[in-house]
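Below: the structure, in structure tokens.
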Amino acid sequence: HVVVTGRTLSKCETSAELIRARGVKALALRCDVKSKDDLQSIIDGTIKEFGRLDILVNNAQEVSRGPIAELTDEQMNGNWISGPLATQRLMKMAYPHLKESKGTVINMCSSVMKRWDMSSYGLYGAVKAATQQLTRAAACEWGQDGIRVNAIMPHAKSPALAGWIKANPVEAEHFQKSIPMGYVGECEEDIGAFVALMCADGARYLTGQTVGLDGGQAF
């Protein structure tokens, strides 16, 4: 069963309906990850509806691009609060429930951390690197509780990527040509299926890792 969260409840409901159509229960909850109260509300809502929490996926991230000298405090704070801070808060809130279920955390990082040219990507890379370190720390601290914590660096055909490609067509062309497998991953078949594998018993000895799901680009 799945809890779908995001700032726009109607989008969450649309996703939840797609999940229900496959015979799985789905709960849509509105959440702005920059709000500590919203984060607690989705934990509470999940436990109220399903009685347990097995898997936490931290996916949200506000993204600001630009030269270091031009980034504003507002941009810095927004990226930090929506990314590493929200991830830490949600992991902390979920911890007692994950301890009970011997659960799993998947955090979203990015191959931007390994970009050959970090110009204008400094803030994005910084917050994703911070999320990676939180992943490693939690894996070390919570392993004795039976909780596994990993991260992925995905290339996925998401709406965000589509917007980036439209805004940066020349860079996007070079980006896609640099992927050894020749294509950007499908959200479900290439990314989602592997995340499900990471959460399954077959990966029970995997923790503290950041895995590149990028067709070999950032190896």
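Per-residue extension of 0.36 nm, minus the Cα-Cα distance of Gln88 and Trp164, leaves a gain of 24.6 nm for this segment.
The portion of the accessible surface of the chain made up by carbon and sulfur, rounded to a whole percent, is 54 (1.4 Å probe; DNA, RNA and ligands excluded).
Note down the net charge around Val33, summing +1 for each Lys or Arg and -1 for each Asp or Glu among other residues with Cβ under 14 Å from its Cβ. Intermediate values should be presented prior to the final figure.
On the way: positive: Arg7, Arg30, Lys34, Lys36, Arg89, Lys92; negative: Asp32, Asp37, Asp38, Glu62.
That sum, taken over residues with Cβ under 14 Å, equals +2.
Return one number: the angle in degrees, 0 to 90 and rounded to the nearest 10, between the long axis of the Cα atoms of helix 9-20 and the longest principal axis of the Cα atoms of the chain. Helix 9-20 and the main axis of the chain meet at about 70 degrees. For the chain, the solvent-accessible area works out to 57 Å² per residue, with a probe of 1.4 Å and every protein chain left in place. Kirkwood analysis of the Cα pair distances in the chain returns a hydrodynamic radius of 18.2 Å. The amide H of Val149, built 1.01 Å from its N in the peptide plane, has Val105, Gly208 as neighbours under 5 Å, considering only residues 5 or more places off or on other chains.
Using a probe of 1.4 Å on the protein chains alone, the accessible area found for Tyr121 is around 20 Å².
Taking the charge dipole of the chain about its Cα centre, with +1 at Lys and Arg Cβ atoms and -1 at Asp and Glu Cβ atoms, the residue from Asn168, Ala86, Gly202 reaching farthest to the positive side is Gly202.
Under the convention that each Lys and Arg Cβ holds +1 and each Asp and Glu Cβ holds -1, the size of the dipole of the chain around its Cα centre is about 320 debye.
Summed over all non-identical Cα pairs, the Kirkwood treatment of the range 85-214 gives a radius of 15.9 Å. Note on Ile55: accessible area approximately 80 square angstrom, rounded to 10, probe 1.4 Å, nucleic acids and ligands left out. Compute the relative contact order of the range 77-155 as a whole-number percentage, counting only Cα pairs closer than 8 Å that sit 6 or more residues apart in sequence. The value is 42 percent.
Can you list which of the trypsin sites (Lys or Arg not before Pro) found in the range 63-113 are DSSP loop residues with at most 15 other C-beta atoms within 10 Å?
Answer in residue order: Lys102.
Note on the range 1-94: lysine pairs with Cα distance below 25 Å, sequence gap of 8 or more or different chains, count 10.
Using just its DSSP H runs of length 4 or more, each adding -39500 (n - 2.57), the chain gives a mean residue ellipticity at 222 nm of -14000 deg cm²/dmol after division by all residues. Fully extending the segment from Asp145 to Lys48 would add 32.6 nm, taking 0.36 nm per residue of separation and subtracting the current Cα-Cα distance.
Using a cutoff of 8 angstrom between alpha carbon atoms and counting only pairs six or more residues apart, the relative contact order for the chain works out to 17 percent. To the nearest 10 square angstrom, how much accessible area does Leu206 have with a 1.4 angstrom probe? Here the accessible area works out near 50 Å².
The values are calculated or read from the model by the stated rules, or taken from the named source; none is laboratory data. Please read all numbers here as calculations on a predicted model, not as lab measurements. For neighbour counting, all protein chains shown are included, and Cβ atoms are generated from backbone atoms with ideal geometry for every residue, glycine included. In case anyone asks, the SASA skips ligands and DNA or RNA and just uses the protein heavy atoms, side chains included. Shrake-Rupley method; radii C 1.70, N 1.55, O 1.52, S 1.80 Å.
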